[in-house]
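Right, one structure below, let's go through it.
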Amino acid sequence: MLTYFANLSPQHRRSWGLVVAYVALLLAVSYVDFGYNTAGQTAFRGILLGMLVFMVASGLSLIFGLLDVLNFAQGAFLLIGAYVGYDVYTSLDAGTTVRFLAAIVSGVVFVGVLGAIMETGLIRPLYDRPVFQIVLTFGLAAVLLDLVERYYGPDPKQPLDPPGFLDNNFTLFDQSLSYYRLFIIFLGLTMMVGVFLLLNRTRIGIIIRAGVQDSEMVQALGINVRLIFTLVFVLGAALAALGGIALVPYQGATLEMGNQFLILAIVVIVIGGMGSYEGTAIASIVVGLTRAVAEQLSLEHFDAPVLAETSILLLMIVVLLVQPSGLFGREE
Amino acid sequence: MTDYILEVQNIHTFIGEFHILEGVTVQVPPGSITVLLGRNGAGKTTTLRSIIGLTPPRSGQIIFKGEVIQGRRAYHIARMGIGYVPENRIIFRDLTVAQNLQIAERQKGDLDRKADFIFTLFPDLKRLYTLPGGNLSGGQQQMLAVARALVPDNDLLLIDEPSEGLAPVIIEQMMEAIRQLSSHTTVLLVEQNFQVASRLAERYVIIEEGLSVHAGLIADLVQDRDLIKTYLGVA
Ligand SMILES: Nc1ncnc2c1ncn2[C@@H]1O[C@H](COP(=O)(O)OP(=O)(O)OP(=O)(O)O)[C@@H](O)[C@H]1O
Ligand SMILES: [Mg+2]
């Protein structure tokens, strides 16, 4: 960690400064405008949202960085994870904890296999035609959404009870919250650290990072980079599915959730810098906080969450003006 | 059987719709340094990339250690024992020097076995071991790019313009290193700097507009002012 900061480029050091200053500003504005408790609740909501966005954005960013494919189906992976998880969670005959774990495993495996089939069968033949790949993932996203609607129906699924071991409340900032929310944050943090360790401490991770810069050179060293492509695609799909399943006891499942999170995730990787893992992690939290604070601000002043969506787009525009390659991207 | 470790026979390579190589033939005897000469844009880099499989030729034949290799995937060709040091010293900027070398291992322990040899050739790298590749100077990056190709046991090294953009002192150091490593490994070199090329290599192949037009011993070429002037534009 210390060496990480010691070796930062001046540009990235400045980005860290900007992020810390911006988050401090957000918190200060919330505190002054909403008061201590509401500000705290808002920040908590923001972090929670950031973790969920990260689960979609990390895959999007890794896939884009390594494969040069902007995978529009990443939202559909979250969607399918959520619905399959919902299905398993409600249809099994067992205790909530067992059903919840079964939902996670089946949703992640199902979407992982789907991702593997997609990458090897459809995306791989098109590596020489990047534009076709984008159109393809776009089309696949639409098809998958249709299939989910056909199979599960158009009506939103209500949030389910959290698994038994998390079905208790605690009080934070004068608000009673389910432990399940802490669990989502814990899950997000675990993934952040887990993927970080994978990228920095394992041979496969080092190959992935090298491939993000120059996958051709990695090949020329004697490494079957296509295999790594598939692996990363599956990993990205699985992470998004996990995010979808995590949403089920919190917000339920709706047909719109895939695209909502896809848009947030695209904003995140643009702000964080395409292909930068640390950028994705940091930008996820920044975007989550921004959206939560903007939502609360507009609720307090206009009685409607009008600023919520625009705020993150504004944030993205500002970041791009200050730093066209994103906060932690590379200036080519 | 031939006496060559590598034989490139009349290859034609396309990049997209562009017909870049229109008949390149290169024969590399083992244990020597052969240099590809030619003007900017002649097709030297494309020849190396065709050999390693990054831009596979559409026709012609490439034989390495008696096996036909064209059409195989690049990683497969590399594993047969070819190391590639690309133009513009492409090292992995985000990885440390150590990781840049580790990633080139094809078998566990490759780096441990080669570390002494590598650090003898390039003592600087030992000191820089834990720094990100992107923090290295141009010359150090070039050393790292060559060192990376030395980690696994390779029978042939393809080295593309190792002296490009380097200071004279560093060029001398690099030439000395290439001379030393060539006593273990055959080298196919691309080098624009004729001074460097003629001092290092035994054999040459001249490529002109995607076609190999001349080949022979460097010792003969050095005598042939007209040939040098016609194809290389240096006197
Ligand atoms: N991606 C590409 N698309 C179209 N043409 C290309 C591409 N890459 C290379 N070329 C062309 O192929 C020809 C050969 O290029 P190559 O890089 O092999 O030359 P070179 O001999 O290595 O030149 P230099 O000495 O400048 O490195 C050049 O005319 C170049 O413009
Ligand atoms: Mg070249």
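The table for this structure:
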| read-out | value |
| --- | --- |
| Residue selected from the range B:51-98 under the condition within 12 Å of another protein chain (Cβ to nearest Cβ) and of a type in the set (Ser, Thr, Tyr), by the criterion nearest to residue A:223 (Cα to Cα) | B:75 |
| Number of positions in the range B:76-93 that are farther than 21 Å from residue B:123 by Cβ and either basic (Lys, Arg) or crowded, with 20+ Cβ neighbours inside 10 Å (or both) | 8 |
| Matching residues in the range B:25-40 - criterion: being within 10 Å of ligand 1 (Cβ to nearest atom) and either within 14 Å of chain A (Cβ to nearest Cβ) or over 15 Å from the mean Cα position of the chain (by Cα) (or both) | B:39, B:40 |
| Strands (runs of 3 or more DSSP E) contained entirely in the range B:1-94, each with at least 1 residues that are within 16 Å of ligand 2 (Cβ to nearest atom) | B:6-15, B:18-28, B:33-37, B:82-85 |
| Residue check for residue A:225: away from chain B (no Cβ under 14 Å) and farther than 26 Å from residue A:101 by Cβ | no |
| The one condition in (1) modelled with pLDDT of 95 or more; (2) over 24 Å from residue B:183 (Cβ atoms) that residue B:26 fails to fulfil | (2) |
| Verdict on residue B:14 being within 13 Å of ligand 1 (Cβ to nearest atom), over 22 Å from residue A:219 (Cα atoms) and more than 16 Å from the chain's Cα centre (by Cα) | no |
| Residue, farthest from ligand 2 (Cβ to nearest atom), within the range B:190-204, restricted to residues that are closer than 20 Å to residue B:88 by Cβ and in contact with a Ser or Thr (Cβ under 7 Å, 6 or more places away or on another chain) | B:196 |
| Selection count where residues are more than 16 Å from ligand 1 (Cβ to nearest atom) and of a type outside the set (A, V, I, L, M), scope the range B:138-168 | 10 |
| Matching helices (runs of 4 or more DSSP H) fully within the range A:190-298 where at least 1 residues are over 14 Å from the mean Cα position of the chain (by Cα) | A:203-220, A:225-251 |
| Among (1) surrounded by fewer than 16 Cβ atoms within 10 Å (Cβ to Cβ); (2) modelled with pLDDT under 90; (3) closer than 21 Å to residue A:59 by Cα - the single one residue A:213 does not satisfy | (1) |
| Test: residue B:181 is modelled with pLDDT under 95, buried (at least 17 other Cβ atoms within 10 Å of the Cβ) and within 16 Å of ligand 2 (Cβ to nearest atom) | no |
| Residue within the range B:124-137 that is touching a residue at least 60 places away in the same chain (Cβ under 8 Å), within 14 Å of chain A (Cβ to nearest Cβ) and touching a strand residue (DSSP E or B) at 6+ places or on another chain (Cβ under 6 Å) present | no |
| Residue satisfying all of: in the range B:190-219; over 15 Å from residue B:33 (Cα atoms) and of a type in the set (D, E, K, R); surrounded by the most Cβ atoms within 10 Å (Cβ to Cβ) among these | B:208 |
| In the range B:159-177, the residues that are away from ligand 2 (no atom under 16 Å from the Cβ), of a type in the set (A, V, I, L, M) and either crowded, with 21+ Cβ neighbours inside 10 Å or part of a helix (DSSP H, G or I) (or both) | B:169, B:170, B:171, B:174, B:175, B:177 |
| Verdict on residue B:104 being within 14 Å of another protein chain (Cβ to nearest Cβ) and among the small types (Gly, Ala, Ser) | yes |
| Pair list, Cβ under 9 Å, 6 or more apart: the range A:203-220 residue over 15 Å from residue A:275 (Cβ atoms) and more than 7 Å from chain B (Cβ to nearest Cβ), other residue modelled with pLDDT of 90 or more and part of a helix (DSSP H, G or I) | A:203/B:102; A:204/A:198; A:204/A:228; A:204/A:231 |
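This table checks each residue for (1) away from chain B (no Cβ under 14 Å); (2) touching a residue at least 40 places away in the same chain (Cβ under 8 Å).
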residue: A:4; (1), (2): no, no
residue: A:8; (1), (2): no, no
residue: A:12; (1), (2): no, yes
residue: A:17; (1), (2): yes, no
residue: A:20; (1), (2): yes, no
residue: A:23; (1), (2): yes, yes
residue: A:28; (1), (2): yes, no
residue: A:32; (1), (2): yes, no
residue: A:36; (1), (2): yes, yes
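For every residue, the table says whether it meets (1) under 30 Å from residue A:278 (Cα atoms); (2) out of contact with any Asp or Glu (no Cβ under 9 Å at 6 or more places or on another chain); (3) more than 16 Å from ligand 1 (Cβ to nearest atom).
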site: B:51; (1), (2), (3): no, yes, no
site: B:57; (1), (2), (3): no, yes, no
site: B:95; (1), (2), (3): yes, yes, yes
site: B:118; (1), (2), (3): no, yes, yes
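Here's the yes/no breakdown for (1) exposed (fewer than 15 other Cβ atoms within 10 Å of the Cβ); (2) touching a helix residue (DSSP H, G or I) at 6+ places or on another chain (Cβ under 6 Å); (3) farther than 16 Å from residue A:250 by Cβ:
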| site | (1), (2), (3) |
| --- | --- |
| A:110 | no, yes, yes |
| A:113 | yes, no, yes |
| A:147 | yes, no, yes |
| A:152 | no, yes, yes |
| A:160 | no, yes, no |
| A:163 | no, yes, no |
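The values are calculated or read from the model by the stated rules, or taken from the named source; none is laboratory data. A quick note: this is a predicted structure, and the numbers were derived from the prediction, not measured. Using ideal geometry, Cβ is built from the backbone for each residue, glycine included, and neighbour counts are taken over all protein chains shown.
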